[in-house]
1. Within the stretch 241-255, is even one residue open to solvent by 60 Å² or more (accessible area, probe 1.4 Å) and at pLDDT below 65?
2. With respect to LEU196, determine if the residue is under 51 Å from the mean Cα position of the chain (by Cα) and buried (at least 17 other Cβ atoms within 10 Å of the Cβ).
3. Limited to the stretch 180-213, what total is found for residues that are in a strand (DSSP E or B) and either outside the structural domain of THR130 (by the TED database) or under 15 Å from VAL91 (Cβ atoms) (or both)?
4. Can you tell me which residue in the stretch 321-340 is modelled with the highest pLDDT, limited to those that are open to solvent by 50 Å² or more (accessible area, probe 1.4 Å) and over 17 Å from THR292 (Cα atoms)?
5. Kindly list the number of the only condition in (1) of a type in the set (Gly, Ala, Ser); (2) over 30 Å from THR228 (Cα atoms); (3) open to solvent by 70 Å² or more (accessible area, probe 1.4 Å) that fails for GLY66.
6. Scan the stretch 114-123 and tell me whether some residue there is basic (Lys, Arg), farther than 17 Å from THR53 by Cβ, in the same structural domain as SER86 (by the TED database) and at pLDDT below 95.
7. When you check ARG162 against the structure, is it in contact with a strand residue (DSSP E or B) (Cβ under 8 Å, 6 or more places away or on another chain) and over 30 Å from PHE54 (Cα atoms), yes or no?
8. Considering THR60, THR88, which residue is in contact (Cβ under 8 Å) with a residue 60 or more places away in the chain, assigned to a strand (DSSP E or B), open to solvent by less than 30 Å² (accessible area, probe 1.4 Å) and within 26 Å of GLY193 (Cβ to Cβ)?
Amino acid sequence: MAFEDRVKLFVARQTRELVAVLVLAGIICLIAAGYIFLTPTTTVVSEDTNLQTFETDVKTSAVVTGNTTLYERGETLQNRSVYFISATPNVTFQVRTSVPPDQRVNLTQQLTMEIVGNREDQPFYRTNRTLIDRRTTVTDGNATAEATINASALRQRLQEMRTEVGGVGQFQVELDLNVSYESDRYEGTLKDGSPLALSGQAYYLEDGLQADTTRRTPVTKEIQQPPTMLEYGGIGVLGLVLFGLAAVARNIGRDADTERLRTNIIHDRHDEWISRGEFPTESEKQYISILTLEDLVDVAIDSGRRVIFDPDLDAYAVIDGDEIYHYAPDEDDTNVWLDL
C-alpha cells in the first residue's frame with residue numbers, strides 16, 4: 001500500500017510534467033508508426049545471373065591384344081584402375097569437355113605428356129610430347145578428342161634412360177590436361193595433372209584427370225518490402241498506451257489528496273511507533289496540535305511514548321500526562337474530536 005501511495009504522491013506532485021512527457025512520447029510513437037507504415041523497407045540483394053558450367057575430364061580405354069588369361073582377346077577395357085602391358089600395350093586417352101549447349105563456345109583441348117628426370121628433387125631432364133591439341137567451336141555442348149600411346153614403348157624408353165644415367169636419378173611421367181574455353185560471356189582455362197605410373201608390367205593414372213568451374217555474373221538490385229503489422233502496429237499500440245497513462249496521471253493529479261498520501265507514507269515508515277486506540281476528551285487535558293505526523297512521531301520518540309491512531313477519527317495523538325499532542329490530515333475531524 002505504501003508503494004502505491006508513493007507512486008500516487010509522485011504523480012500528484014509531477015502531474016503536469018508527466019502528462020506532457022507521456023503525451024509527447026505517444027505522439028512520437030504514432031508518428032513513427034505512420035512513417036513505418038508509409039515507408040517500405042528497401043533491401044539490397046545480390047543475385048547470380050548468366051550461370052555457365054564448364055567441365056572436362058580424361059577417360060582411358062585399351063583393347064586386349066596380348067596373350068593373357070585375365071581378359072578375352074579383343075575385349076575393350078575402359079577406365080580401369082590399372083592396365084597391364086602384356087595384355088594391353090596400347091592405351092587411349094579421351095578428353096571429354098562439356099560446355100553450355102545453347103551457344104557457340106570456342107574450345108582448345110590439350111593433353112601433354114611430360115617426362116622429368118629428378119635427382120634429390122631437382123630436375124636434370126625434361127621433355128614434352130603433345131598428345132592432343134584440338135581447337136574447335138562447339139554448338140551442341142560437348143566436345144571430345146583422343147590420342148593413343150604405346151605403354152610398352154614408353155616403358156622401354158624409360159628403361160633406356162635409366163640405364164643411360166646409371167641409376168643416379170628417377171624418371172617420372174606426368175600427364176597434363178589444359179582446356180581453354182571462350183563463350184559469349186566468359187573465357188578461362190581448366191587445368192589438371194596426374195602422374196602416369198609404370199611399374200613392372202602395370203601402368204595406371206595415379207589421380208583422375210578432371211576439372212570444372214561454374215561462372216556467374218552477380219547483379220545487385222533493390223527490393224522494397226512492405227512493413228509488417230507487428231512493426232507499425234506495435235509502435236502504434238504503444239502510443240495509445242502512453243495516451244492512456246497520461247489520462248491516468250491527470251486523473252490522479254486531479255483527485256489525489258497529497259496530505260493524506262504523505263500521512264499514509266509516514267504512517268507506514270514509523271509503523272513500529274504507532275498503535276491503534278481512542279483518545280480521551282476530558283476538558284482538563286491540554287491539547288496541542290502538531291503540524292505533521294512525522295513531527296508527532298518525533299514527539300513520541302523524544303518522550304518515550306507511542307503514537308495512538310484512532311481509525312474512526314482518522315487522527316493521531318501522543319498522550320503525555322495532561323498533554324495530548326495530536327495530528328489529523330483533516331482539521332474537521334480534529335474539531336469533531338475536540339467538540340469545537
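1. Yes, the stretch 241-255 has at least one match.
2. yes
3. Residues flagged as in a strand (DSSP E or B) and either outside the structural domain of THR130 (by the TED database) or under 15 Å from VAL91 (Cβ atoms) (or both) within the stretch 180-213 amount to 10.
4. GLU323
5. If we test GLY66 against (1) of a type in the set (Gly, Ala, Ser); (2) over 30 Å from THR228 (Cα atoms); (3) open to solvent by 70 Å² or more (accessible area, probe 1.4 Å), just (3) comes out false.
6. Checked against the condition, which is being basic (Lys, Arg), farther than 17 Å from THR53 by Cβ, in the same structural domain as SER86 (by the TED database) and at pLDDT below 95, the stretch 114-123 yields at least one hit.
7. For ARG162, the condition - in contact with a strand residue (DSSP E or B) (Cβ under 8 Å, 6 or more places away or on another chain) and over 30 Å from PHE54 (Cα atoms) - is met.
8. THR60
The values are calculated or read from the model by the stated rules, or taken from the named source; none is laboratory data. The structure displayed is predicted, hence computed values, not measured ones. Cβ atoms come from the backbone with ideal geometry, glycine included; neighbour counts cover every protein chain shown. Heads up: the accessible areas ignore ligands, DNA and RNA and are worked out on the full protein's heavy atoms, side chains in. Shrake-Rupley method; radii C 1.70, N 1.55, O 1.52, S 1.80 Å.
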